[in-house]
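Single-structure report; data block below.
What follows draws every value from the coordinates through simple rules; no lab data is involved. In this text, all values refer to a predicted model and were calculated from it rather than measured experimentally. For neighbour counting, all protein chains shown are included, and Cβ atoms are generated from backbone atoms with ideal geometry for every residue, glycine included.
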Amino acid sequence: MGTQNLIAKAEVLIAASTAEVWQALIDPALIKKYMFGTTVQSDWKKGSKITWQGEWKGKKYEDKGEITAIEPNKVLQYTHFSPLSGLEDKPENYHTVTIGLSAENDQTKVVLTQDKNLSEKGQQESQKNWENMLQSLKEVVESN
């Protein structure tokens, strides 16, 4: 089975509008609060670069990618590469992360997927990390 099929998936329901959740996805000050203290830089346009800087388990990192799809209040998709993965910096080693938003009654359903996990163990770890991140996103948005 190829890594293409090892997709990590996480979802959460947030008691807020899609516009409020969207704002949290693209506001660096809010991102820092729910994404493990990461500093994100991007101009949030399709084809633009995106970088993440911070510290993970005591190691400094600078991850990078590109915005591949962006539709306000609906979808944010980007590629992602982390030098901490130990892999070569080439296109096939970039994950694609897709975050979809949909209104569900007076809440927003957030569904996140990440492709190209290298193993089932990696897929489960990614899924757990994303679930934790979405739980933090929920707490940040609902407390604002």
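Quick one: order 61, 34 by neighbouring beta-carbon count within 10 Å, fewest to most.
By the 10 Å Cβ count, ascending, the order reads 61, 34.
If each residue of separation counts as 0.36 nm, what is the full-extension length gain between residue 17 and residue 51 once their alpha-carbon separation is subtracted?
Net length gain for the segment: 9.6 nm.
How much length is gained on full extension from residue 75 to residue 62, taking 0.36 nm per residue of separation minus their Cα-Cα distance?
Between residue 75 and residue 62, full extension yields 2.3 nm more.
Could you give the nm distance between label points at residue 41 and residue 104, where each point is 7 Å from its Cα heading toward the beta carbon?
Placing both labels 7 Å beyond Cα along the Cβ direction yields 3.6 nm.
Using only Cα atoms, find the angle between the long axis of helix 120-143 and the longest principal axis of the chain, and express it within 0 to 90 degrees, rounded to the nearest 10.
30 degrees
Which order do 27, 115, 43 fall in if you start with the one that has the fewest other Cβ atoms within 10 Å?
43, 27, 115
Quick one: grab the alpha carbon gyration tensor of region 1-67, order the square roots of its eigenvalues as a ≥ b ≥ c, and give me rounded if a/c is under 1.5, else prolate or oblate depending on whether a/b is larger than b/c.
rounded
Any idea what Rg and Dmax come out to for region 57-109 if you just take the C-alpha atoms, in Å?
14.7, 44
Based solely on its DSSP helices, what 222 nm [θ] is calculated for the chain when runs of n ≥ 4 H residues each add -39,500 (n - 2.57) and the sum is averaged over all residues, nearest 500 deg cm²/dmol?
-9000 deg cm²/dmol
Loop by DSSP (not H, G, I, E, B), at most 15 other beta-carbon atoms within 10 Å: where is the longest site-free stretch of the chain for trypsin sites (Lys or Arg not before Pro)?
Result for the longest clean stretch: 75-144.
Taking neighbour Cβ counts within 10 Å as the exposure measure, how do 141, 12, 111 sort from fewest upward?
If I rank by nearby Cβ atoms, fewest first, I get 111, 12, 141.
At 7 Å along Cα-to-Cβ for each site, give me the label-to-label distance between residue 142 and residue 87 in nm.
Each label point is offset 7 Å from its Cα along the Cβ direction, giving 3.3 nm.
If you wrap a convex hull around the Cα atoms of the chain, how much volume per residue is inside, in Å³?
In the chain, the Cα hull volume divided by residue count equals 104 Å³.
Any idea what the relative contact order of region 1-96 is, in percent, if you count C-alpha pairs under 8 Å spaced at least 6 apart?
16 percent
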